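Report on one structure; see the data block that follows.
The values are calculated or read from the model by the stated rules, or taken from the named source; none is laboratory data. This structure is a prediction, so every number in the text was calculated from the model and none was measured. Every residue, glycine as well, gets a Cβ built from its backbone with ideal geometry; the counts of neighbours run over all protein chains shown.
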2 protein chains.
Amino acid sequence: MDKNKYNFFDKVTVYKENEIFLKIFENNNIKIEKIVSNGQISPQNFWYEQKENEFVMVLDGFAILEFEEKEVELVKGDSINIPAFVKHRVKYTSKKESTIWLAVFY
Amino acid sequence: MDKNKYNFFDKVTVYKENEIFLKIFENNNIKIEKIVSNGQISPQNFWYEQKENEFVMVLDGFAILEFEEKEVELVKGDSINIPAFVKHRVKYTSKKESTIWLAVFY
């Protein structure tokens, strides 16, 4: 996508079955994804615990991220940095609207 | 900001004199900034040509980025990847509203 623009609000599909993960850009240092949630949550007792750091922002919608020691509610514009190997899961995403995430793995 | 949220629409100051650059997060691999423009543009004949790659998204407002061979209009949700050392400048930012940028330097 170098020097070609991509709009994160384009092609937002309401897909009730699974979250949609769309790779927008990747090189050796970084991976940028658009994620669209429509009410999906992480499976019970499932935790993400990945080796990459992750910076994530909610561009639209509403979600709750769960960490081992706390929960964080994320509205439009909210961002959070999740260091590598920090356990987290998606506890809630809005059922009334699509939740659009920007995720930067680095 | 690890595991503490930051909202990019918070504290958007309309400051006519200069663009505002706010560092949101930085480590050895990455730097994340919020930039707020209120009509400012790059000085004439000035080009950014930095050694970091930059992924940038317009979260609100309107801007035009100029490259040597083309111009790219950016509305809300538009993102673009600018490889290191690629010359670019801000040709225009909206005078009617604040333009809020997310910039990821990596």
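Structure above, values below:
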quantity: Test: residue in the range A:62-73 that is buried (at least 21 other Cβ atoms within 10 Å of the Cβ), touching a strand residue (DSSP E or B) at 6+ places or on another chain (Cβ under 7 Å) and not basic (Lys, Arg); calculated: yes
quantity: Qualifying residue in the range A:14-31 (condition: modelled with pLDDT under 95, closer than 21 Å to B:TRP101 by Cα and in contact with a Ser or Thr (Cβ under 9 Å, 6 or more places away or on another chain)); calculated: yes
quantity: For A:LEU22: the one exception among (1) on the phi < 0 side of the Ramachandran plot; (2) surrounded by 19 or more Cβ atoms within 10 Å (Cβ to Cβ); calculated: (2)
quantity: Looking only at the range A:37-54, and only at residues there that are more than 13 Å from the chain's Cα centre (by Cα) and of a type in the set (Asp, Glu), the one that is nearest to B:ASN53 (Cα to Cα); calculated: A:GLU52
quantity: Residue count, the range B:37-61 (criterion: buried (at least 18 other Cβ atoms within 10 Å of the Cβ) and in contact (Cβ under 8 Å) with a residue 40 or more places away in the chain); calculated: 11
quantity: Single condition B:LYS34 does not satisfy, out of (1) surrounded by fewer than 18 Cβ atoms within 10 Å (Cβ to Cβ); (2) under 13 Å from the mean Cα position of the chain (by Cα); calculated: (1)
quantity: Of all residues in the range B:67-82 being within 13 Å of the chain's Cα centre (by Cα) and assigned to a loop (DSSP other than H, G, I, E, B), the one that is farthest from the other protein chains (Cβ to nearest Cβ); calculated: B:LYS76
quantity: Some residue of the range A:39-46 being of a type in the set (Gly, Ala, Ser) and at pLDDT 95 or above; calculated: no
quantity: Residue within the range B:87-94 that is surrounded by fewer than 15 Cβ atoms within 10 Å (Cβ to Cβ), more than 21 Å from B:VAL12 (Cβ to Cβ), away from every other protein chain (no Cβ under 12 Å) and in contact with a strand residue (DSSP E or B) (Cβ under 8 Å, 6 or more places away or on another chain) present; calculated: no
quantity: One residue from A:VAL72, A:VAL56, A:VAL86, A:VAL90 being farther than 20 Å from B:ASN27 by Cβ, of a type in the set (A, V, I, L, M) and modelled with pLDDT of 95 or more; calculated: A:VAL90
quantity: Single residue of the range A:28-53 satisfying the filter (under 25 Å from B:ASN28 (Cα atoms) and assigned to a strand (DSSP E or B)) that is nearest to the other protein chains (Cβ to nearest Cβ); calculated: A:ILE32
